[in-house]
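So the structure is just underneath, and the comments pick up after that.
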């Protein structure tokens, strides 16, 4: 049998393998589609589910760390100085000294004007009474525990040293001898300095 | 898009539904943006001062008080600082440091690096409490003018806190400032 002889010469039970169905569709692009030929699919599914999972994680983290009132209430009239050798903030009563007012946790507790006019170091009676009340309240709520005596002073950078020293002395007399000054961090220094906690 | 296929029968209402994920993602992105914008990234810290001189109260009966050396920082001079080591009322040593401000920041902040270096050098030479197990700190007493602005006081306290030493807290050694600062009440 020569090689040129067509296979169709015989009545064949077995034919050449290949696609049979849809071969005679007249439209070329339809035939191409239905035959399953062509290149890689151009429609790609974006994996949205992992993306949503990721977004949900971010939302949960941000909600957990969300604080409606902000971490530290800073009076808008107070412009704090900055320092390098600082330690991290602590939870303590905050005494704010603005241009003219002295506030304990936002409540008025005296005026700086009287100190400046007197031009001498003095005990601030309102502040002393408020701090003493805070100390007594803490002792009632935590019986038997040693009182930490920490107070944070939030002082405007232009306030004269006389006022700062008067408040410092009053805080010590009111039972808060461990005084800290709130400052901004300067130059991203480490939080190892600024005195013993 | 995500879908739920529960099968379908004839001409009844379609039971296959696509969950609209794109508006959900938009909502989540808005929420993320809002939370990021309102997040508080606190830059606040504190700098310590202590009115418990010579140290925290102790339950032990007081022993014979040994006079310790204290560093008095006099900042009332216009052109110089004065560092005075005192034992009680006895002056041990006096050092003058030129008052030279160095700008540190865009908001008019300034530092006294010469003063910081001199205080560090002085503590290295004369500091009493150096061991990590020593729970006491050397005492610095700050003398200020009544009219000195608070920012200047903080710049000097910052310089005093420059020298640091090891300190044992619960078996762990950390770095703390070598001095404890208090104010001279005069």
message = Can you tell me which of (1) in contact with a helix residue (DSSP H, G or I) (Cβ under 9 Å, 6 or more places away or on another chain); (2) surrounded by 14 or more Cβ atoms within 10 Å (Cβ to Cβ); (3) farther than 20 Å from residue B:46 by Cα is the one residue B:134 doesn't meet?
response = (1)
inquiry  = residue A:167 - would you say it is under 22 Å from residue A:82 (Cβ atoms) and part of a helix (DSSP H, G or I)?
reply    = yes
query = Is at least one residue of segment A:131-140 more than 28 Å from residue B:149 (Cα to Cα) and buried (at least 16 other Cβ atoms within 10 Å of the Cβ)?
reply = yes
request  = Note down all Cβ pairs under 6 Å where the first residue falls in segment B:31-50 and is farther than 14 Å from residue A:61 by Cβ, the second is modelled with pLDDT of 85 or more and part of a helix (DSSP H, G or I), and they're at least six residues apart or on different chains.
outcome  = B:47/B:157
remark   = Residues of segment A:64-96 being at pLDDT 85 or above and at the interface with another protein chain (Cβ under 8 Å from one of its Cβ atoms), in sequence order, are A:80, A:81, A:82, A:83, A:84, A:85, A:86, A:87
task = Of the conditions (1) in a helix (DSSP H, G or I); (2) crowded, with 19+ Cβ neighbours inside 10 Å, residue B:124 clears all except one; give me its number.
result = (2)
message = So the check is Cβ under 8 Å with 6+ separation or different chains; which pairs have a first residue in segment A:142-160 that's on the phi > 0 side of the Ramachandran plot and a second one that's in a strand (DSSP E or B)?
response = A:149/A:178
ask   = Can you pull out the strands (runs of 3 or more DSSP E) entirely within segment B:36-121 that have at least 3 residues that are at pLDDT below 85 and away from chain A (no Cβ under 14 Å)?
value = none
Considering residues of segment B:152-183 that are in contact with a strand residue (DSSP E or B) (Cβ under 8 Å, 6 or more places away or on another chain) and in a helix (DSSP H, G or I) only, the residue farthest from the other protein chains (Cβ to nearest Cβ) = B:156
remark   = Per the list (1) more than 9 Å from chain B (Cβ to nearest Cβ); (2) over 32 Å from the mean Cα position of the chain (by Cα); (3) surrounded by 17 or more Cβ atoms within 10 Å (Cβ to Cβ), residue check on residue A:162 breaks on (1)
key: In segment A:34-52, residue farthest from residue B:36 (Cα to Cα) [restricted to those that are modelled with pLDDT of 75 or more and surrounded by 11 or more Cβ atoms within 10 Å (Cβ to Cβ)]   = A:48
inquiry  = I'd like to check something: does segment A:113-134 contain any residue that is under 30 Å from residue B:178 (Cβ atoms) and part of a helix (DSSP H, G or I)?
reply    = yes
task = Might you let me know whether segment B:158-166 holds any residue that is surrounded by fewer than 23 Cβ atoms within 10 Å (Cβ to Cβ) and in contact with a helix residue (DSSP H, G or I) (Cβ under 7 Å, 6 or more places away or on another chain)?
result = yes
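The values are calculated or read from the model by the stated rules, or taken from the named source; none is laboratory data. Bear in mind the structure is a predicted one, so any value in this text is a computation, not a measurement. FYI the Cβ positions are ideal-geometry reconstructions off the backbone, even for glycines, and counts take in every protein chain you see.
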